[in-house]
1. Shortest first and in nm to one decimal, what separations exist between B:P186 and its copies in the other chains, measuring from label points 7 Å along the Cα-to-beta-carbon line?
2. Under a point spin-label approximation (7 Å from Cα along Cα-to-Cβ), what is the B:R165-B:K39 distance to one decimal in nm?
3. Between the stretch A:12-70 and the stretch A:153-189, how many Å separate their Cα centres?
4. Nearest 100 Å² is fine: what is the total accessible surface buried where chains B and A meet, probe 1.4 Å?
5. Which helices of chain B meet both criteria: a Cα extent of 20 Å or more along the helical axis and a mean Kyte-Doolittle score no lower than 1.0, with helices taken as whole DSSP H segments?
6. Below 8 Å, C-alpha to C-alpha, sequence gap of six or more: please give me the relative contact order for the stretch B:115-190 in percent.
7. What is the P(r) of the stretch B:7-121, as percent of Cα-Cα pairs per 5 Å bin from 0?
8. Taking every residue in B:157-169, how many Cβ atoms of other protein chains lie within 10 Å of its Cβ, on average?
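The values are calculated or read from the model by the stated rules, or taken from the named source; none is laboratory data. Only a predicted model underlies this, so the values are computations on that prediction, with no experimental measurement involved. Because the Cβ atoms are built from the backbone with ideal geometry, glycine has one as well, and the counts that use them run over all protein chains shown. Only protein heavy atoms, including side chains, enter the accessible area calculation; ligands, DNA and RNA are left aside. Shrake-Rupley method; radii C 1.70, N 1.55, O 1.52, S 1.80 Å.
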Protein chains: 2
Amino acid sequence: MSATTVATTRAPREPRNGVDTPNLLATINAVKEMPALAKFQFRASNKWVSGTHSKGTISGFYGAGQEMEHNSVHVFDVDHPAVLVGADNGPTPVEYVLHALAACLTAGIANIAAARNINLTSVESTVEGDIDLLGILGLGEGVRNGFQGIKVSFKLTGDDPDKLRKVVEQSRARSAVYDIVTNGVPVEIEVQTG
Amino acid sequence: MSATTVATTRAPREPRNGVDTPNLLATINAVKEMPALAKFQFRASNKWVSGTHSKGTISGFYGAGQEMEHNSVHVFDVDHPAVLVGADNGPTPVEYVLHALAACLTAGIANIAAARNINLTSVESTVEGDIDLLGILGLGEGVRNGFQGIKVSFKLTGDDPDKLRKVVEQSRARSAVYDIVTNGVPVEIEVQTG
């Protein structure tokens, strides 16, 4: 690491791209001192309405050593479209996964660009997930239930294109949802009937 | 397979649990005849707002051989909470993943119960995802970015508890989001700068 690099790394950061960069870097330093602060638990709950229609709620979570609440309680409808014998009261579950992937990569892009003193003017993305429903319909031996592949297409404007590409690559390397979706997570299901 | 089983399988189905069971079974048969109908592509798009705040849109998809649109365009805010240096304009990306998982399993439960002539009166669930943010903050060598584990807890009421448990198990075995989240999906990222 050269002296110049050290100087750049230590330079005071201004808020940039709407990111409170000084606070972001202070938070990272605080967590470095006290790693237990980094243990979070996120949650969602769901209530079946009728058919494939359900309502999900996102509200509380645990983090930084305490129970916390979002500013407001978020309720989202989910359903299957008519072509899949639902009533289309909301997006399908798999579309919410694509939405989450785009949003996670985008938040990372904004944070990483700010930490690197790179200005963004726009970040847009589309995510496409290909799925063969022979899997979930139980009609295709060896056809998986989930997406066979996902493609994310980003369009960014801002500073130097090369730097922007490196920011996207670093966001991918540090994205929670990218990790979940590409590498999988152990899921335990508990059932109570009554 | 016994004669009784065959008779049960062939019995005409009534709509049940809000599921249009005759239409569901007819759709499965139609896809059996013409497997290309099962090829779907779901999509989401995203536009960065500021900081970690972005807006995702879910609207069109491809399926059953044609371009289709949901009844309405769905727009969802995403952000990080203040404790993670965001402005809490919406749920975090990872919470949308938990939400999707609960909704997918719930839709499957309703469909499978209907196909098996089992009545549901309520289905509720909570999903908890544990995450150590040392991963995404780049502070923990070997700490993954995503959830380390997810726990789904279902409470169901309706017909015979044993049958309800088997319905949940079959929903797990045929869930698109459960497959995505537990087994992972290849993700390609394309970047255009300008």
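1. 2.8
2. 4.2
3. Going from one Cα centre to the other spans 18 Å.
4. 11200
5. The answer, listed by residue number, is B:93-115.
6. 30
7. Bin by bin from 0 Å, the calculated values are 2, 9, 13, 14, 16, 14, 11, 8, 6, 4, 1, 1, 0.
8. Mean shielding count: 2.
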